[in-house]
Every structure is written in C-alpha cells, then in structure tokens.
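J.: Attaching a single structure in structure tokens format; questions to follow.
None of the figures in this text is laboratory data; all of them are computed from the coordinates on show. None of these values were measured; they are calculated from a predicted model. All Cβ positions, even for glycine, are placed from backbone atoms using ideal geometry, and neighbour counts span all protein chains on display.
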Amino acid sequence: MPGNPTIAAVYVTSITVNWSATTGSQGYELDASTASDFSGTLFSSSTTIGTLTGLTFPANLTANTTYFLRAGNIVSNTTFYVNVVPTSTSTLTNSLVNHFSTKCSIPA
C-alpha cells in the first residue's frame, strides 16, 4: 500500500494526495467518492509509474463537495487500498465574483 497518503492540496475542482513509494509497486490509483464506502459517485486517477509519490485528480470534481479519499498500490493487477489522512475533505467553493453590489452613501 502507498505509505502514509496525505492530502497535499485542495482546489475548487481537484485534490492532490502525496505518499511515500512502495517497493515493488507497479503503479498507484487515487479514488475520490461522495460516499464513505465508495459506493457513491467515484472519480479515479491512476499511474503505472511505481516510483511516483503523488497524484492529482483532473479538474473534474465538483466545487464545495465532500469527497472521501483512498490510495491504492497496484501489484500483479490487484489494487491494495489504504485511506488517505484525513479520510475526507471538501473541495473549495467557486469565488463569488460579481454576486454582490455594494452601494455606500457619504453624508454631506
């Protein structure tokens, strides 16, 4: 399993997770789900580079949404998963540009 997978960065539509490489790894998979048992909407990012120490989801996550995360080590076409620390996080919200109009009056 990937060693000590932790959330490294959180963005509006993406999350980055880093870990320490595992000897003999044939790759890694990073999963995000809207359900803690990974039965909800599932997003995955993977690599066949066994020495890689992190993955970032493509910008396909939904803003302001909680995702549960797990990282997996791929060996002989089998993926061995471990939860990321912390096990869940929320993506950031979209910025509130042009949603407010401020009008100030200055007394004479």
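J.: Quick check on the chain: of the DSSP beta bridges with both residues there, what percent are antiparallel, nearest 5%?
T.: Numbers: 29 of 30 bridges.
Antiparallel bridges make up about 95 percent of those DSSP assigns within the chain.
J.: Also: List the residues, sorted by chain then number, that are 5 or more residues from G54 or on another chain and whose placed amide H is less than 5 Å from its amide H.
T.: W19
J.: Cut-off 10 angstrom, C-alpha nodes, Gaussian network model of the chain. Which of N64, N94, N77 fluctuates the most?
T.: Per the Cα network of the chain with a 10 Å cutoff, N77 tops the list.
J.: Rounded to the nearest 0.05, what FRET efficiency do S20 and N77 have when you use their Cβ-Cβ distance and R0 = 25 Å?
T.: Details: r = 23 Å, r/R0 = 0.91.
My answer for the efficiency is 0.65.
J.: Then there's this: So what's the convex hull volume per residue for the Cα atoms of the chain, in Å³?
T.: Expressed per residue, the convex hull around the Cα atoms of the chain is 124 Å³.
J.: Anyone know which of I49, I74, I15 comes out most mobile in the 10 Å Cα GNM of the chain?
T.: Top of the fluctuation ranking is I49.
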